Structures are given as structure tokens and as C-alpha cells.
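S.K.: This structure is in C-alpha cells; I'll ask about it shortly.
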Amino acid sequence: SAAEKGGYDYFMLKEIAEQPKAVADTLLGRIDAAGSLTLDEVRIPPGVLREVDKVVIVACGTAFHAGLIAKYAIEHWTRIPCEVELASEFRYRDPILDSRSLVIAISQSGETMDTLMALRHAREQGSCVLAICNTNGSTIPRESDAVLYTHAGPEVAVASTKAFLTQLVACYLVALYLGQVRGTKWADEIRAVIRDLAQISGQVERVLETMEPVRELARSLAEKRTVLFLGRHVGYPVALEGALKLKELAYMHAEGFAAGELKHGPIALVEEDLPVVVVVPSPRGRSVLHDKIVSNIQEIRARGARTIVIAEEGDEAVVPYADHLVRIPATPTLLQPLVATVPLQVFACELATARGNEVDQPRNLAKSVTVE
Ligand code: AGP
């Protein structure tokens with residue numbers, strides 16, 4: 001009913017709007033006054049966490065994209081090798097696991113069969129499984145050794161939005177916590193990131209306030225057949241997520257690529273007026289990444305692409321090559337997905353509406369996939 005949707009036309013719109021609160025709620029009570037993480041609720045003894053020599057993340061769909069982003073954070077802050085695998089592929093390739101492997105299963109519903117089977121397999125090998133889950137008491141956290149709940153609240157729309165942002169927050173918390181427990185040379189950076197995380201909710205709010213041009217752009221592209229998404233570093237999984245949203249909602253051909261892969265094949269797809277969304281890393285911090293993506297934008301534009309550029313406020317280098325420019329607030333490199341994903345959600349939702357599709361219940365899809 002309209003009341004359930006809180007005055008929005010679709011649950012998806014309501015859930016996109018709820019993201020600042022979902023992010024804040026997921027941080028709530030997990031950082032103490034001194035700026036340290038208090039994740040005692042994750043009942044894995046610090047001794048076990050100190051012995052971990054490998055992290056393996058298993059998940060499906062959007063939750064898998066959160067896992068891909070988590071890998072950058074975990075390896076950077078903890079120096080523990082991290083693999084990310086589609087849950088449906090995991091157990092069938094006889095993965096190498098033992099009691100020193102920490103397996104993280106990410107799932108909004110907690111009922112995804114592929115993810116459940118992957119975690120059962122990991123536990124059979126003696127690994128410790130931590131669930132990141134949005135649904136209290138669901139099967140995946142019940143069968144795991146420990147759980148860190150995301151506090152997104154119920155997500156009804158089939159397309160995952162607020163659950164994804166809170167999965168990212170939970171992944172950052174786990175990465176930072178591992179760093180904190182094990183002691184790392186990044187201690188100062190970790191404290192700074194914890195402070196930056198506290199700003200994210202307000203920054204997501206600001207992104208939401210500036211989405212009208214994105215909606216207008218989406219409507220103008222309703223007749224297109226294909227949209228490509230490019231990103232580098234953590235922007236690459238954001239590109240994959242943008243493409244997945246467009247597939248499931250707008251039923252359009254959409255693909256996400258690592259920008260560096262362009263010249264290894266995908267650039268052959270670029271033709272006159274093809275919309276290409278590019279997620280640009282911050283020009284501060286790792287500026288090599290930024291400079292490389294600016295040349296990628298030039299390359300595709302020279303071949304006729306219509307460039308839709310998502311870039312940090314104050315990034316002037318992209319201006320000459322952007323046919324459409326979407327501004328996001330400046331964040332540390334690793335946290336950028338929390339703000340960069342939001343315009344892509346809005347874009348997909350508006351395109352679906354413009355094409356007359358059922359936004360909350362896309363064809364052929366179920367909210368939780370309880371069969372393998
Ligand atoms: C996301 O928009 C999808 N509907 C889907 O990929 C989803 O993320 C996936 O099925 C995993 O679900 P889960 O998080 O409930 O395990």
C-alpha cells in the first residue's frame with residue numbers, strides 16, 4: 001500500500017532515500033568515544049582473529065559486489081590476503097581452507113541457498129565463518145560462528161540498495177577491526193577512516209539532494225539498448241553494481257568493466273552516442289589512478305561515446321571530457337563506493353520507470369533465491 005511505501009511510488013525509492021539512516025544505524029554503537037571499534041558482538045576470540053592467515057568472502061549478486069570492495073579495504077588495512085568468490089562457484093572448485101581461514105558470508109536476506117551451501121562447506125573444512133547479514137535470526141547467521149548485522153531495516157524491493165551500502169559499512173568495520181585487533185602500521189589511517197565513516201551518512205544525504213539531473217538524464221536514455229560502466233580500484237565493483245542494477249530494473253544490456261581493460265577488448269564496443277558511465281577515483285590520494293581514468297575517458301570520447309562522469313567535487317580535470325557530470329562529495333579513496341553507488345541506483349530506477357517496468361518486482365527475479 002501507499003502507506004507502506006512511506007509516500008513514495010516504489011519501495012525502491014523509499015529504500016534509496018533511507019540510505020543515510022541505514023548507514024548511520026549500522027555504525028551506531030560500534031565506535032566508542034575514543035574512536036576505537038567495539039565489535040565485541042562479533043564473538044570471535046581476538047586470539048583466533050590474530051591467527052587468521054587468509055580471508056575468503058562468499059556472496060551473490062549485489063552482496064558479491066560489496067565483497068569485491070571489501071577485499072581492497074581488508075588487504076590494505078590488515079595485509080591479510082583476501083579472496084572474493086561467487087558463492088555458487090565456491091565449493092565446486094575444492095577451495096583451500098583450514099582453521100586459519102576466516103570466511104565472510106555476506107547476505108541481505110540470510111536465506112540465499114548458494115551462500116548457505118558455501119558457508120557449510122567452509123565450516124566442514126574447519127574455517128571460522130562470520131556472516132554479514134540484514135535479517136535477524138535467518139539461516140545464514142544461525143549457521144555461522146559469528147554475525148555482524150547490518151541495520152538497514154527491511155528491504156522489500158528486489159533490487160538491493162540500502163542493504164548494499166550497509167554491507168559496505170559492515171565490511172569496512174570488519175576490516176578496521178581486524179587491523180585494530182592485530183595491530184597494524186596503519187593505526188593512524190584507521191583512526192582517520194573511522195572519523196570519515198561518521199561523515200558518510202550526511203554525504204549520502206547530500207548526494208540524494210542533487211539527483212534531479214541524473215533522473216532527467218536517465219529519462220533521455222530510455223530508448224538506448226546498451227549502457228557501459230567503467231571504474232578502477234574500488235570504482236570497478238561500483239561499475240559492476242551499476243550495470244547489475246540496470247540489467248535487473250531496466251532490462252537493458254549493461255556491462256561493467258575495469259577501465260584498464262578497455263584496450264584489451266571492450267573499447268571495440270564503443271560507437272557514436274553510446275552512453276558510458278565512468279566512476280572517477282579521487283584526484284587526491286592515489287592520483288595515478290585518477291590520471292589513468294581521465295585518459296580512458298578521453299579515449300572513449302574520441303570514439304564517440306557519450307560520457308557520464310561521476311567525479312568528486314572540485315575535480316576539474318574531468319570537466320572537458322564529461323558530456324554529463326555527476327558530482328559526489330570528497331571521501332577517502334576506499335570509502336568512495338558509499339557515495340558513488342547512489343547516483344547509479346537512482347539512474348537505474350528512473351530508467352526502469354521511463355521504460356514502464358515494474359520497479360519493485362522485476363520480471364523473472366525473486367527477492368531471495370532459496371534454491372541453488
Ligand atoms: C540485487 O539487486 C539482487 N536482487 C541480487 O543480486 C541479490 O543481491 C543476491 O541475490 C543476494 O541476495 P542476498 O544478499 O539476500 O544473499
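S.K.: Only one residue in V318, V339, V326, V359 is in contact (Cβ under 8 Å) with a residue 12 or more places away in the chain and within 16 Å of the ligand (Cβ to nearest atom), so which one is that?
M.R.: Numbers: V318 fails: within 16 Å of the ligand (Cβ to nearest atom); V339 fails: within 16 Å of the ligand (Cβ to nearest atom); V326 fails: within 16 Å of the ligand (Cβ to nearest atom).
The unique qualifying residue is V359.
S.K.: Picking from V181, V169, which residue would you name as being within 16 Å of the ligand (Cβ to nearest atom), at negative phi, buried (at least 17 other Cβ atoms within 10 Å of the Cβ) and in a helix (DSSP H, G or I)? Write out each step before concluding.
M.R.: On the way: V181 fails: within 16 Å of the ligand (Cβ to nearest atom).
Within the list V181, V169, the selection yields V169.
S.K.: Restricting attention to segment 6-55, and to residues there that are assigned to a loop (DSSP other than H, G, I, E, B) and of a type in the set (A, V, I, L, M, F, W, C), which single residue is nearest to L173 (Cα to Cα)? Let's see the steps before the verdict.
M.R.: Going through segment 6-55, the residues assigned to a loop (DSSP other than H, G, I, E, B) turn out to be 6-10, 18, 28-30, 32-36, 38-45, 52-53.
From what's left, of a type in the set (A, V, I, L, M, F, W, C): 28, 33-34, 39, 42, 44, 52.
On the way: L28: 11, A33: 16, A34: 16, L39: 8, V42: 11, I44: 14, V52: 17 Å.
Out of the qualifying residues, it is L39.
S.K.: Which residue pairs have Cβ atoms under 7 Å apart, sit 6 or more places apart or on different chains, and have a first residue in segment 24-51 that is under 25 Å from R142 (Cβ atoms) and modelled with pLDDT of 90 or more and a second that is assigned to a loop (DSSP other than H, G, I, E, B) and polar (S, T, N, Q)?
M.R.: Pairs that qualify, where the first residue is under 25 Å from R142 (Cβ atoms) and modelled with pLDDT of 90 or more and the partner is assigned to a loop (DSSP other than H, G, I, E, B) and polar (S, T, N, Q), are T26/T150; R30/T38.
S.K.: Take segment 103-112 and flag every residue that is more than 9 Å from the ligand (Cβ to nearest atom) and more than 16 Å from the chain's Cα centre (by Cα). Reasoning before the result, please.
M.R.: If we filter segment 103-112 for residues that are more than 9 Å from the ligand (Cβ to nearest atom), which is where we start, we get 103-104.
Answer for segment 103-112, where residues must be more than 9 Å from the ligand (Cβ to nearest atom) and more than 16 Å from the chain's Cα centre (by Cα): just V103.
S.K.: Every residue in segment 184-197 that is part of a helix (DSSP H, G or I) and in contact with a helix residue (DSSP H, G or I) (Cβ under 7 Å, 6 or more places away or on another chain), please.
M.R.: If we filter segment 184-197 for residues that are part of a helix (DSSP H, G or I), which is where we start, we get 187-197.
Residues satisfying the conditions are I190, V193, I194, D196, L197.
S.K.: Follow-up. Does segment 104-111 include one or more residues that are outside any helix (DSSP H, G or I), among the small types (G, A, S) and on the phi > 0 side of the Ramachandran plot? Explain how you work it out, then say what you get.
M.R.: Looking only at segment 104-111, we keep the residues that are outside any helix (DSSP H, G or I), and these are 104-111.
If we keep only those that are among the small types (G, A, S) too, we end up with 105, 107, 109-110.
Still in the running and on the phi > 0 side of the Ramachandran plot: 110.
Scanning segment 104-111 turns up at least one residue that is outside any helix (DSSP H, G or I), among the small types (G, A, S) and on the phi > 0 side of the Ramachandran plot.
S.K.: Across segment 184-217, what is the number of residues that are polar (S, T, N, Q), under 20 Å from F347 (Cα atoms) and surrounded by fewer than 19 Cβ atoms within 10 Å (Cβ to Cβ)?
M.R.: Counting residues in segment 184-217 that are polar (S, T, N, Q), under 20 Å from F347 (Cα atoms) and surrounded by fewer than 19 Cβ atoms within 10 Å (Cβ to Cβ) gives 1.
S.K.: Can you find even one residue in segment 121-143 that is within 16 Å of the ligand (Cβ to nearest atom), assigned to a helix (DSSP H, G or I), within 18 Å of the chain's Cα centre (by Cα) and at pLDDT 95 or above?
M.R.: No, every residue in segment 121-143 fails to be within 16 Å of the ligand (Cβ to nearest atom), assigned to a helix (DSSP H, G or I), within 18 Å of the chain's Cα centre (by Cα) and at pLDDT 95 or above.
S.K.: From the list L13, L68, which residue is farther than 26 Å from G137 by Cβ, surrounded by 16 or more Cβ atoms within 10 Å (Cβ to Cβ) and touching a Pro at 6+ places or on another chain (Cβ under 7 Å)?
M.R.: Details: L13 fails: touching a Pro at 6+ places or on another chain (Cβ under 7 Å).
After applying the criteria, what remains is L68.
S.K.: May I ask you to list pairs of residues, at least six apart or on different chains, whose Cβ atoms are under 7 Å apart, with the first in segment 152-172 being without any contact (Cβ under 8 Å) to a residue 12 or more places away in the chain and the second being assigned to a loop (DSSP other than H, G, I, E, B) and more than 11 Å from the ligand (Cβ to nearest atom)?
M.R.: none
S.K.: In segment 145-164, which residues are touching a Leu at 6+ places or on another chain (Cβ under 6 Å) and either within 13 Å of the ligand (Cβ to nearest atom) or not in a strand (DSSP E or B) (or both)?
M.R.: Here is the first cut: in segment 145-164, the residues touching a Leu at 6+ places or on another chain (Cβ under 6 Å) are 146, 158-159.
Correct list: V158, A159.
S.K.: Sticking with this one: What's the total number of residues in segment 201-217 that are closer than 30 Å to K71 by Cβ and in contact with a helix residue (DSSP H, G or I) (Cβ under 8 Å, 6 or more places away or on another chain)?
M.R.: Of the residues in segment 201-217, 9 are closer than 30 Å to K71 by Cβ and in contact with a helix residue (DSSP H, G or I) (Cβ under 8 Å, 6 or more places away or on another chain).
A quick yes/no check of all residues on (1) exposed (fewer than 14 other Cβ atoms within 10 Å of the Cβ); (2) more than 16 Å from the ligand (Cβ to nearest atom):
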site	(1), (2)
G29	yes, yes
A34	yes, yes
D40	yes, yes
K54	no, yes
G61	no, no
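S.K.: For segment 228-246, state whether one or more residues are in a helix (DSSP H, G or I), touching a residue at least 24 places away in the same chain (Cβ under 8 Å) and closer than 14 Å to T331 by Cβ.
M.R.: The first filter runs over segment 228-246 and keeps only residues in a helix (DSSP H, G or I), leaving 235-246.
From the residues that got through so far, the ones that are touching a residue at least 24 places away in the same chain (Cβ under 8 Å) too are 235-242, 244-246.
From what's left, closer than 14 Å to T331 by Cβ: 235, 238.
Looking through segment 228-246, at least one residue is in a helix (DSSP H, G or I), touching a residue at least 24 places away in the same chain (Cβ under 8 Å) and closer than 14 Å to T331 by Cβ.
S.K.: Out of (1) closer than 16 Å to S282 by Cα; (2) outside any helix (DSSP H, G or I), the odd one out for I293 is which?
M.R.: All conditions pass for I293, except number (2).
The values are calculated or read from the model by the stated rules, or taken from the named source; none is laboratory data. This is a predicted model, so every value here is computed, not measured. Neighbour counts are summed over all protein chains in view; Cβ atoms, including those assigned to glycine, are modelled from backbone coordinates with ideal geometry.
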